[in-house]
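The values are calculated or read from the model by the stated rules, or taken from the named source; none is laboratory data. All values derive from a computational prediction rather than experimental measurement. Neighbour counts run over all protein chains shown; Cβ positions are idealised from the backbone, glycine included.
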Amino acid sequence: RSVVNHDVLIGGYDGMNRLDISKYDGYDFVLTCSEYISEYYRQNAKNTYALEFGFDPSVNFSLINSEKKYPISFNGSIFPNVHSNRFDLLSYLATSVPMVISSDFENDIEYSLFSKRTLKAVVHGNKRYFQSYLLKKHNIGAKYGLEMYQFLHDSKITINAHGEHINFAANVRL
């Protein structure tokens, strides 16, 4: 018996403990990173599956063994309302140590020091603006799959910090 009335399954992923069923209206199922989150969707009559942590050791054979080129690195998202502590930690580290960030972190920060927005931030002393600007300067862009593993492999130290609204380890880097 089919659980859907159409030929294509549509799924979503909740890895941030959103616990908001309305975000998944129209989805046939929700993948999660824990049974705790999946239980919420089950209670709200949504098909759900928790992906257990795991790592395929054959990935190691695809990585290029080279000298560590990143003294300290971070790979992951930096969402302001979810990762404020992470944002502050990375901002501090970026001013203290040679750090490289691989993230989809994007905002409307302009690199031009002479833009109207930059001058306005300077006049008003917007600390978050300067922190964002600094993080973007250290960011080499998001990496996924084998590229992400190679980035982590090429790092002497990799920082992992969970969002403050997460009660358990929930990222795919683990």
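When Tyr149, Tyr129 are screened for being more than 13 Å from Val100 (Cβ to Cβ), at pLDDT 85 or above and surrounded by 17 or more Cβ atoms within 10 Å (Cβ to Cβ), only Tyr149 passes.
Using the structure shown, decide if Leu51 is under 22 Å from the mean Cα position of the chain (by Cα) and on the phi > 0 side of the Ramachandran plot. It is false that Leu51 is under 22 Å from the mean Cα position of the chain (by Cα) and on the phi > 0 side of the Ramachandran plot.
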